[in-house]
Amino acid sequence: MMDDLFAPPPGEEPHAERLAAGTVLLHGMAAPLAAALLADIQRIAAQAPFRHMVTPGGYRMGVATTSCGTLGWVSDHHGYRYSRIDPGSGQPWPAMPDSWRALAGDAANRAGFAGFVPDACLINRYVPGCKLSLHQDKDERDFSAPIVSLSLGLPAVFELGGLRRSARCARLTLRHGDILVWGGPDRLRYHGVLPLAGGSHPLLGECRINLTFRLAG
């Protein structure tokens, strides 16, 4: 794979690009739905506000996060895990909108993963300077389902590594409305996000929001 895999210029027609055997980038697929997605995010965040979680090692995460669905992702001194209860409110996480579940299933199907029905959506909010270190998504019980990651707002440089942390990373730009799907042989690839560059998006301002759909339970 090339070291730099950049999305096409804004305005190009949505299309699918296969980056590896189990990784597909759906350029611009969610862009027409952005306003509705953002309205849903606002409703979810009103019930379960964005917060900066703490890692098991005691470090405050730079990325603000919340969740929706049957399960939500949490991090604290006990470790990383999924929970049915929002630790901030003591209540169940907000329900995942049916339209989100359908969109994630459609994206997975287009990438070659039929029948994907997520039960968790992690919602991350980045501001300039925020990053996400290389990691594997391995808190889920079943690795046979893909990860579906939707980007809104400012573009981000995504690092896609191998099955070992030491493997060389490819870099690709994820733009507003892009959906990246990885699964199968690529399901446990290391990945991360480089520090978000400054800028202002017409809909989100100085912000990037990432929706990551998973089958966690």
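Would you indicate which of (1) 11.0; (2) 13.5; (3) 14.9 is the value of mean projected area of the Cα convex hull in nm² derived from the coordinates of this structure? Looking at mean projected area of the Cα convex hull in nm² for this model, the match is (1). Between Arg168 and Asp142, the modelled label-to-label distance comes to 3.7 nm, taking each label 7 Å out from Cα in the direction of the beta carbon.
Near the amide H of Ala216, within less than 5 Å, lie the amide hydrogens of Asp119, Ala120, all on another chain or at least 5 residues away, with H placed in the peptide plane. Once you reduce the stretch 144-161 and the stretch 74-138 to the center of their Cα atoms, the two points are 12 Å from each other. A simple spin-label model places pseudo-atoms 7 Å from Cα toward Cβ; at Arg43 and His15 they are separated by 3.5 nm.
A 1.4 Å probe run over the protein chains yields, for the stretch 16-214, 44 Å² of accessible area per residue, whole-number rounding. Between the stretch 163-217 and the stretch 16-31, how many Å separate their Cα centres? The distance from the Cα centre of the stretch 163-217 to that of the stretch 16-31 comes to 12 Å.
Taking all protein chains as present, what is the carbon and sulfur share of the accessible area of the chain, in % to the nearest whole number, probe 1.4 Å?
On the chain, the fraction of accessible area on carbon and sulfur atoms equals 54 percent.
Pairs of alpha-carbon atoms within less than 8 angstrom and 6+ residues apart define the contacts here; what relative contact order does the stretch 16-214 have, in percent? Walk me through the numbers on the way to the answer.
Values: 471 pairs, mean separation 51.2, N = 199.
Result for the stretch 16-214 is 26 percent.
Taking a Cβ cut-off of under 9 Å around Ala64, the surrounding Lys, Arg, Asp and Glu residues balance to a net charge of +2, with basic ones at +1 and acidic ones at -1.
The values are calculated or read from the model by the stated rules, or taken from the named source; none is laboratory data. Predicted, not measured: the structure shown is a model, and the values here were computed from it. Virtual Cβ from ideal backbone geometry, glycine too; neighbours counted across all protein chains shown. Calculation scope for accessible area: heavy atoms of the full protein, side chains included, ligands and nucleic acids excluded. Shrake-Rupley method; radii C 1.70, N 1.55, O 1.52, S 1.80 Å.
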